[in-house]
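S.K.: Once you've had a glance at the structure underneath, I'll fire off some questions.
The values are calculated or read from the model by the stated rules, or taken from the named source; none is laboratory data. All figures in this text were calculated on a predicted structure; none of them were measured in a lab. Quick reminder, even Gly has a Cβ in these numbers, built from the backbone with ideal geometry, and neighbours come from all protein chains shown. Keep in mind that these areas ignore ligands, DNA and RNA; they rest on the heavy atoms of the full protein, side chains included. Shrake-Rupley method; radii C 1.70, N 1.55, O 1.52, S 1.80 Å.
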Amino acid sequence: MLTQDILTALKGYTANMKNVVTLVLQTGEHEKREELKTFLQQLSTVSEQLNFEERDTNGVLRSPISFMVEVDGQPNGIQFSGIPGGHEFNSVVLAILHSSGTELKLDDSIKSIISRVQETLRFEVFVSLSCHNCPDVVQALNQFAILNDNISSEMIDGGLYQDLIEERNIQGVPTVFLNGEVFANGKIDTAQMLEKLIAKYPTLTEGTADAAPSLPLQDVTVIGGGPAGVAAAIYAARKGLAVTMIADRIGGQVKDTLGIENLISVPKTTGPELSNALMAHMDEYDITLREHFRVAGVENGDVKRVTLSSGEQIDTKTLIIATGAKWRELGIPGEKENVGNGVAYCPHCDGPFFKGKDVAVIGGGNSGIEAALDLAGIVKSVTVYEFMPELKADSVLVKQAEARANVTIKKNVATKEIIADNGKVVALDYTDRLTEETHRDHLAGVFVQIGLVPNSDFLDGVVDRTRYGEVIINERGETSVPGIFACGDVTTVPYKQIVIAMGEGAKASLAAFDYLLKNQ
């Protein structure tokens, strides 16, 4: 299963393992068990500090295709149910490395929050091996388990546990259960999981504002870690300024994009690859990073004060807003109630759950037609619903969709309600805008692809925004408040493209530098 090239690379990664790590496989019979056993045996050959055992765990592990991680003979709370291949291969490798003593790449504030957990927290993360969002959740919760003995985390491959998927009405990944109850579903990052934990256990943040080293007054603080934010931070650092970045995750929305073919000079890349490249470039400079946190508030003045979700406060001379955008919701009945139960926003992640079923894609732009094409190879049929009389997608994509026998396109229609029965989506109501007649299509899933909405709610009352929430800026990236700049998809700049966001980030940073020169 593991090629010699992979094993050779793993030997390099595991060369500095400090602790003895054992992968313990539950005994028993299962058609996939021999495959998992071979996988673990091969994995255990890359280091003398890595062992493999088969053992009856007396119910600790879920099934014969479950294994757990032990450190120096003791379980550390990390379990995998299924064969962690595909996107989850990195999850098991990182679990081994972090268990063996490799430093966790978590902010000290996060470590402080997690170390305060006194309750027993048992996380179960249902994943698809084709889901590129799932590993972030699995890896974050695995680190939480390493930090605190009261926390455990189990990755569950939904493809191998169909009975469990049906029993818990799961129709999207990642879906996270905490102590048997739904904790989160759909795309979720570490920052959002922390917010949910803090909301559930408010005492976790007591004293955490002091956990991170107190920062001196910053010249530039960038909020947002996507292409615009990273460009702004690098340009500011190159000027010799004191720079801090606050980001829920590096890459932002770009990290969810699988294929990128219009970043000039880079013929083809992926969102995860580009995100890693952004992080590597930023690592070349002296930039203070507060990752996995959100901004709770901004106070204006000659010196701006930014308060993080952890309670930490950062004072800065200038502020650059680069928070990007998120998927726009339909805002119709049945949408929010059924997220993870038939309503989804990521066809790559959740498409496999609808194999052989009829689904809808809402939106006729590039993202909508691309989603329809992706789903067409998996599901029984795809119906695209477009509000306008004509599709907005590029003609080359439209022609491909029209050529697919199982893709139907309905234009000039308004979606009205998503219908569910027994916790699962069963139909979609829509209106023909020309005749005003209402129709119902029976289907199992609805994929929403109607564009983006700016992440700017935290700026309410701080800077001027349009009625759509976009931060209003001029040609220099200046907002309505002196010393506060903005760039990228969160702003009024048209054409939300990666290459444009990068340029806007550089421009906002240069404008901030000019501001500092004139106001020192």
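S.K.: Would you mind getting the Kirkwood hydrodynamic radius of segment 249-350 from its Cα pairs, rounded to one decimal in Å?
M.R.: On the way: mean 1/r = 0.0589 Å⁻¹.
So the Kirkwood estimate lands at 17.0 Å.
S.K.: With θ set to phi - 60° and the Karplus curve 6.51 cos²θ - 1.76 cosθ + 1.60, what are the ³J(HN,Hα) couplings of segment 494-505 in order, to the nearest whole Hz, using x for Gly and Pro?
M.R.: x, 6, 7, 10, 4, 5, 5, 4, 4, x, 5, x
S.K.: Quick one: net charge of GLU335's neighbours, Cβ under 13 Å, K/R +1, D/E -1? Walk me through the numbers on the way to the answer.
M.R.: On the way: positive: ARG328, LYS336, LYS416; negative: GLU329, GLU337, GLU417, ASP429.
Neighbour charge sum, excluding GLU335 itself: -1.
S.K.: Loop sites only, by DSSP: take the chymotrypsin sites (Phe, Trp or Tyr not before Pro) in the chain that have at most 10 other C-beta atoms within 10 Å and name the longest stretch containing none of them.
M.R.: Values: sites that count: TYR468, TYR495.
With a cap of 10 other Cβ atoms within 10 Å, the longest stretch comes to 1-467.
S.K.: 5 Å is the cut-off here: which amide hydrogens, built 1.01 Å from N in the peptide plane, fall below it relative to THR491, excluding neighbours closer than 5 in sequence?
M.R.: Distant-sequence amide H within range of THR491: VAL471.
S.K.: Among LYS326/LYS496; LYS326/LYS355; LYS255/LYS326, which pairs are too far apart, with a Cα-Cα distance over 18 Å?
M.R.: LYS326/LYS355
S.K.: Roughly how many nanometres apart are two label points built 7 Å out from the Cα toward the Cβ at PHE458 and ASN169?
M.R.: Between PHE458 and ASN169, the label points sit 3.3 nm apart.
S.K.: How charged is the neighbourhood of ASP441? Take every other residue with its Cβ under 15 Å from the Cβ of ASP441, and add Lys/Arg as +1 and Asp/Glu as -1.
M.R.: Details: positive: LYS357, LYS380, LYS410, LYS411, LYS416, ARG440; negative: ASP358, GLU386, GLU417, ASP421, ASP429, ASP432, GLU437.
With Lys, Arg at +1 and Asp, Glu at -1, the net is -1.
S.K.: What is segment 275-315's relative contact order, in percent, from Cα pairs under 8 angstrom and six or more apart in sequence? It would help to have the intermediate numbers written out before the result.
M.R.: Numbers: 32 pairs, mean separation 10.4, N = 41.
That works out to 25 percent.
S.K.: Using a 1.4 Å probe, how large is the accessible area of MET388, given in Å² and rounded to the nearest 10?
M.R.: The accessible area of MET388 comes to roughly 90 Å².
S.K.: Considering only the other residues whose Cβ falls under 12 Å of the Cβ of LEU452, what net charge follows from Lys and Arg at +1 and Asp and Glu at -1?
M.R.: Details: positive: LYS326, ARG328, LYS496; negative: ASP256, GLU329, GLU470, ASP489.
Once positives and negatives cancel, what remains is -1.
S.K.: Given H placed on each backbone N at 1.01 Å, which residues far from SER153 in sequence or on other chains put an amide H within less than 5 Å of it?
M.R.: ILE78, GLN79, PHE123
S.K.: Could you tell me the distance between the Cα centroids of segment 91-116 and segment 285-323, to the nearest Å?
M.R.: If we compute the Cα centre of each part, the gap is 24 Å.
S.K.: Between segment 1-72 and segment 130-157, how far is it from one alpha carbon centroid to the other, in angstrom?
M.R.: With segment 1-72 and segment 130-157 each reduced to a Cα centre, they are spaced 17 Å.
S.K.: Quick one: what do you get for segment 97-236 if you divide its Cα Rg by 2.2 N^0.38 Å?
M.R.: Working: Rg = 17.1 Å, N = 140, 2.2 N^0.38 = 14.4 Å.
Expressed relative to 2.2 N^0.38 Å, the Cα Rg reads 1.19.
S.K.: How many times 2.2 N^0.38 Å is the alpha carbon radius of gyration of segment 182-252? Kindly include the intermediate steps, with their values, before the conclusion.
M.R.: On the way: Rg = 15.3 Å, N = 71, 2.2 N^0.38 = 11.1 Å.
Ratio of Cα Rg to 2.2 N^0.38 Å: 1.38.
S.K.: Okay, moving on. Could you tell me how far the Cα centroid of segment 163-188 sits from the Cα centroid of segment 391-450, in Å?
M.R.: Segment 391-450 and segment 163-188 have Cα centres spaced 26 Å from each other.
S.K.: Report, to one decimal in Å, the Kirkwood hydrodynamic radius for segment 379-513 based on all distinct Cα pairs. It would help to have the intermediate numbers written out before the result.
M.R.: Values: mean 1/r = 0.0549 Å⁻¹.
Taking every pair of different Cα atoms in segment 379-513, averaging 1/r and inverting gives 18.2 Å.
S.K.: Of HIS132, THR8, ALA184, whose Cα points farthest to the positive end of the dipole of the chain (charges on the beta-carbon: +1 Lys, Arg; -1 Asp, Glu; origin at the Cα centre)?
M.R.: It is HIS132.
S.K.: Could you look at segment 439-520 and say what percent of its accessible area is carbon and sulfur, using a 1.4 Å probe and all protein chains?
M.R.: On the way: 2070 of 3920 Å².
Answer for segment 439-520 is 53 percent, counting heavy atoms of protein chains only.
S.K.: Roll a 1.4 Å probe over the protein heavy atoms and report the accessible area of THR479 in Å², nearest 10.
M.R.: Surface open to solvent at THR479 totals about 20 Å².
S.K.: Taking Rh as the Kirkwood radius computed over C-alpha pairs, what is the Stokes-Einstein D of the chain at 4 °C in a medium of viscosity 1.567 mPa s, expressed in µm² per second? Walk me through the numbers on the way to the answer.
M.R.: Numbers: Rh = 24.6 Å.
D, rounded to a whole number, is 53 µm²/s.
S.K.: In debye to the nearest 20, how big a dipole does the chain give about its Cα centre with +1 on each Lys and Arg Cβ and -1 on each Asp and Glu Cβ? It would help to have the intermediate numbers written out before the result.
M.R.: On the way: 46 positive and 69 negative charges, 165 e Å.
Computed charge dipole of the chain: roughly 800 debye.
S.K.: Can you give me the relative contact order of the chain as a percent, contacts being Cα pairs under 8 Å and 6 or more apart? Mind showing how you got there, number by number?
M.R.: Working: 1139 pairs, mean separation 61.2, N = 520.
Normalised by residue count, the contact order of the chain is 12 percent.
S.K.: Could you tell me the relative contact order of segment 125-239? Use alpha-carbon pairs under 8 Å, at least six residues apart, and round to a whole percent. Please list the in-between numbers first.
M.R.: Values: 92 pairs, mean separation 24.9, N = 115.
Worked out over segment 125-239, it gives 22 percent.
S.K.: Computing the accessible area with a 1.4 Å probe over protein heavy atoms, can you report the carbon and sulfur percentage for segment 26-73? Mind dumping the intermediate values first?
M.R.: Numbers: 960 of 2450 Å².
Summing carbon and sulfur atoms, their accessible area is 39 percent of the total for segment 26-73.
S.K.: Same structure again: Using amide H atoms built in the peptide plane, which far-off residues or other-chain residues are under 5 Å from VAL426 H to H?
M.R.: Residues meeting the amide H criterion: ILE419, ALA420, ASP421.
S.K.: From the protein chains alone at 1.4 Å, what is the descending order of accessible area for ARG467, ARG328, ARG238, ARG290, largest first? Present the calculation step by step, with values, prior to reporting the outcome.
M.R.: Working: ARG467 205, ARG328 85, ARG238 160, ARG290 15 Å².
Correct descending sequence by accessible area is ARG467, ARG238, ARG328, ARG290.
S.K.: Just the number, please: carbon plus sulfur as a percent of the accessible area of segment 391-438, 1.4 Å probe, no ligands or DNA/RNA counted. Show your work: numbers first, answer last.
M.R.: Working: 1250 of 2870 Å².
Heavy-atom surface of segment 391-438 belonging to carbon and sulfur, 1.4 Å probe: 44 percent.
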